[in-house]
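Below: the structure, in structure tokens.
Read-outs throughout are calculated quantities, based only on the coordinates presented, and are distinct from any laboratory measurement. Keep in mind that what you see is a predicted model, and the values were worked out from it rather than measured. Cβ placement follows ideal geometry from the backbone for every residue including glycine, while neighbour counts extend to all protein chains displayed.
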Amino acid sequence: MRTTKMFLGLCTLFSFVLFSTIFTGCKGKDGEIGPAGANGSNGTNGIDGLDGVDGVDANSFCRDCHNAANWSAVIAQLESSKHGDREGNMAEEGQRKDCAKCHSAQGFLATLENGLDTPSVNYGSNSQWAASTNFTLTCNVCHEFHGTLDETDFPNYALRHIPAFAPIANKSITWDFGGSNACMSCHQNRPNTSVKIAGVTVGLDTIPDATMVQITSQRYGGHHGPQGQLYAGVGKGSYEVTGTATYANSTMHSSLICGDCHILSTADNTDKTGGHYYKLADRNETTHAVIAGTENVSKCVSCHSSATNHNINNVQTDVKQLMLDIETKLISKNIMKNSAVGTNGYGGVNTDGYILGDNGTGNASSSNPRTVTAKQAKAIYNFKCIYEDYSYGVHNPTYFKALLTNSKAVINTL
């Protein structure tokens, strides 16, 4: 009996061990993944969605300005203007290092790069500066990239930004007139280097007014582009001699930039004014007198609604009379001569603007200087600047009148 129980127990134990061994050995090591099956057939295409809303039409506002008609007009105007004159302004002056900044497009751009008043080298012999291949102005002299192509920022004329600068004739002062800076960079006086004492150049602002000085050049004056000084006005470079008139600027005009007036077009530009002609009246090239009926008043009428010419509030009448009084006195003192050929733009007498030496007949020079006081030299210089301006007061009416009134009183002491 005991043997039987023992046998049954052993059988049970053996069965358990055998079952456990077989059960735990059923799952072997995973085999390698088999190859991918063939792709199934494509499903049926879904239904097309609804069309989207049409986009806003593109605006070709660039072509409002950059189109064939406008470009042809600008090119024709520029080529007909003094600024596009290859032979007059460019034939000689544009190839001189000292003149290239304002008589050559390349010269102007070169001075923007070097920060000087002249190009770093003389390009006179370089063909790219030759008169036959150059303009005084090209587009990139006055314009640069728009800076934005956002339609809401237009019209945007992309005027070249020139920061504040010291004028050539007086490095102790600063000019900053925003959009006018590009124009004023050239429309300014040259240094006054032809006033001397015992052969040594002196600055008129550095010596007492009663000091005797010698003018040693027939071309004494501020050169042919004094508009910047006169537009800038009080304290910006002219000789403000003492007198009864108070110096002040015409504030309404000083808030404008040059292009506000000089690039506004007439209806058809038949008189060649406005636009890229730049001038606001057609003139007789000999006398500089305005040709009747050619004055562009497109900007004037925004403030002076009844204006038909530039003689608003008789400013030009007053300025011309003061100029005539001064020139008549200078001629009577043999400081200038009356050429007796026609009349100038302000009437009465005619002169080439040259200064005569002390002998009263020959042009002023180192060997034949004109001797005057420092204050008289300042007054003559002021007259010569306004003589070369040709706006007859429009650029800064109040200032012009004060400068001429006080200068006239000084010249009357000759």
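Of note:
- Proportion of all alpha-carbon pairs of region 281-359 beyond 22 Å (%): 37 percent
- Going by neighbour counts of Cβ atoms within 10 Å, the residues His66, His253, His288 line up, fewest first, as His66, His288, His253.
- Which listed pairs, of Lys236/Lys384; Lys337/Lys408; Lys97/Lys279; Lys329/Lys378; Lys171/Lys401, have C-alpha distances above 20 Å, in listed order: Lys97/Lys279; Lys171/Lys401
- Sorted by Cβ neighbour density within 10 Å, fewest at the top, the residues Arg190, Arg63: Arg63, Arg190
- With neighbours defined as other Cβ atoms within 10 Å of a residue's Cβ, the residues Glu285, Glu327, Glu79 order from fewest to most as Glu285, Glu79, Glu327.
- Charge dipole of region 327-414 about the Cα centre (unit charges at C-beta), most positive-ward option of Gly347, Phe400, Ile386: Phe400
- Descending principal axes extents, region 190-411, alpha-carbon based, whole Å: 57, 37, 28
- Working ranking of peptides 205-212, 380-387 by packing, defined as the average number of other Cβ atoms within 10 Å per residue, highest first, is 380-387, 205-212.
- The mean of 1/r over all pairs of different alpha-carbon atoms in region 357-414, once inverted, gives a Kirkwood hydrodynamic radius of 12.6 Å.
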